[in-house]
Amino acid sequence: MGYEVDFIGVGKESKSGDAIAIRFGNLYGGRDEQTVVVIDGGFKDVGAEMVSHIKQHFGTDRVDLVISTHPDQDHINGLETVLMELTVNELWMHLPWTHNQGLADKFTDGRITDNSIGERLKESLEKAWFLFCLAEEKSIPVYEPFTGLSHTSGQIRILGPSESYYEELIPQFDGMPAAKEQVEASFLDKVASQLKQIFAFWGEDKIYDDGVTSPKNNSSVITQLIVDGKRMIFTGDAGIEALSHAADQFEQCVNSAPLRIVQIPHHGSRRNVGPTVLNRLLGEPLSEGEDRELLAVASTAKQGEPKHPRKAVLNAFTHRGARVLVTRGNGIRSSFEAPQRSGWSPVDPEPYHYTWEEE
């Protein structure tokens, strides 16, 4: 069996996002011998790129499985086009309104008019509702991707979140009435903020176990794919807490297939990973020059953002034997036992960063 994993270039300017197209099976055989998966669809304009990519490079207009990791616009918006223009067999996405009665009561004809819900959260929830209704209209079965859910192929399994953890997170989503209000930094704090020079030597992690991301990010679907004894993990925007839960599942897997591809969470944000959880998922740091035949990919905008990707995060993956690649608005393909693809060329790995500036 072979595979193609394509990180579609999202963010032609300065907004990062995620869109991943996957094909696995007998890639030299017929369509029925292959499985096509989409994980997230980037911003709305990326949806058309995803559709074109699958038709051109996978030679099909049928997708076996679409997974929406969470309803942030840079992940979910492009999936509308995917569902509209391709034949989709299954959609896996969370339905937050079925796990929180307070949310269920706030929808009227797919809209939320209750001002107790923050505007950004309204947009996310309404987009998720729309995608769910679109799937129903097109008779696409919808399943919620909680821990343990497996695809009929037998090769895709959800490592997180669990349903109980997801339900704990919903009331904490930014914009929920029960969530603590986010207080912006005062003017004096902003004045005091300044860039500082960071120096590092090989093997020194400049990331920490106390990083915290948003509850909505931690609700991201974490997906495991195993093809021909090669394991891959796709993380969405999951943070340390969510990844730690997924690591529990990872460590319990009977199949001891080595990890070969990992998505660097949340475009390389420093708040999403720490040394302990990386050690559990990737292994302990190695000596300089050693590697684990592991590819780690961060999906970022072309011009980059101040926090995406953090050089300390890229170094931390390198310490653990990963070959680190960053999309910077361009597509990146990883393949095994797959046909050659015209026009695609090797990508240089990220260099080791010994010094950088950050706030």
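The values are calculated or read from the model by the stated rules, or taken from the named source; none is laboratory data. What you see is a predicted model; the values in this text were computed from it and never measured. So basically every Cβ, Gly included, is an ideal-geometry build from the backbone, and we count neighbours across all protein chains shown. Note: areas computed on protein heavy atoms with side chains; ligands, DNA, RNA excluded. Shrake-Rupley method; radii C 1.70, N 1.55, O 1.52, S 1.80 Å.
Using +1 on the beta carbon of Lys and Arg, -1 on that of Asp and Glu, and nothing else charged, what's the dipole of the chain about the Cα centre, debye to 20? Working shown, then result.
Values: 35 positive and 53 negative charges, 138 e Å.
Once rounded to the nearest 20, the dipole reads 660 debye.
In whole Å, what is the distance between the alpha-carbon centres of the stretch 319-340 and the stretch 42-80?
19 Å
If you build a Gaussian network model of the chain, linking Cα atoms that sit under 10 Å apart, which residue out of I222, I117, I264 swings the most?
Fluctuation is largest for I117.
GNM on the chain, C-alpha springs below 10 Å: top fluctuator among G47, G239, G118?
In this elastic network of the chain, the residue with the biggest mean-square fluctuation among G47, G239, G118 is G118.
Picking from I156, Y143, G110, whose Cα lies most toward the positive end of the charge dipole for the stretch 99-173 (charges on Cβ: Lys, Arg +1; Asp, Glu -1)?
Ranked along the dipole, the leading option is I156.
I'd like the carbon and sulfur percentage of the solvent accessible area for the stretch 309-350, probe radius 1.4 Å, heavy atoms only, ligands and nucleic acids excluded.
Working: 790 of 1910 Å².
Carbon with sulfur: 41 percent of the solvent-accessible area.
Please work out the FRET efficiency for the pair S139 and Q340, using the Cβ-Cβ distance as r and a Förster radius of 35 Å; give the result to the nearest 0.05.
On the way: r = 37 Å, r/R0 = 1.06.
So the FRET efficiency works out to roughly 0.40.
For the chain, with every protein chain kept in place, what is the accessible area per residue (1.4 Å probe, Å²)?
Working: 16260 Å² over 359 residues.
The answer is 45 Å² per residue.
Quick one: compute the contact order of the stretch 93-239, relative version, from alpha carbon pairs under 8 angstrom and 6+ residues apart, as a percent. Provide the component values of the computation, followed by the final result.
Working: 165 pairs, mean separation 31.8, N = 147.
Averaging sequence separation for qualifying contacts and normalising by length gives 22 percent for the stretch 93-239.
Of S342, S164, S153, which is the most mobile in a GNM of the chain whose springs link Cα atoms less than 10 angstrom apart?
S342
Considering Cα pairs under 8 angstrom that are at least six residues apart, work out the relative contact order of the stretch 1-97 and quote it in whole percent.
Details: 201 pairs, mean separation 24.4, N = 97.
The normalised contact order for the stretch 1-97 reaches 25 percent.
Bin width 10 Å, alpha-carbon pairs only: give the P(r) of the stretch 1-135 as whole percents, running from 0 to the bin holding the largest distance.
Going out from 0 Å in 10 Å bins, the stretch 1-135 shows 12, 40, 29, 14, 4, 0 percent.
How large is the dipole of the stretch 22-143 about the Cα centre if only Lys and Arg carry +1 and Asp and Glu carry -1, each at its Cβ, rounded to the nearest 20 debye?
Working: 11 positive and 20 negative charges, 22 e Å.
So the dipole magnitude of the stretch 22-143 works out to roughly 100 debye.
What are the extents of the Cα atoms of the stretch 255-359 along their three principal axes, in Å, largest first?
Extents along the principal axes, in whole Å: 43, 37, 24.
For every helix of n ≥ 4 consecutive DSSP H residues, a contribution of -39,500 (n - 2.57) applies; sum these over the chain, divide by its total residues, and give [θ] at 222 nm rounded to the nearest 500 deg cm²/dmol. Present the calculation step by step, with values, prior to reporting the outcome.
Numbers: 11 runs with 95 residues, N = 359.
Mean residue ellipticity at 222 nm (helix-derived): -7500 deg cm²/dmol.
State the extension gain, in nm to one decimal, for the chain segment bounded by H353 and S287, taking 0.36 nm per residue of separation less the distance between their alpha-carbons. List each step's numbers first, then the result.
Values: separation 66, 0.36 × 66 = 23.76 nm, distance 1.58 nm.
Length gained, H353 through S287: 22.2 nm.
Only Cα pairs under 8 Å and at least 6 apart count here; give the relative contact order of the chain as a rounded whole percent. Walk me through the numbers on the way to the answer.
Values: 782 pairs, mean separation 72.0, N = 359.
So the answer I get is 20 percent.
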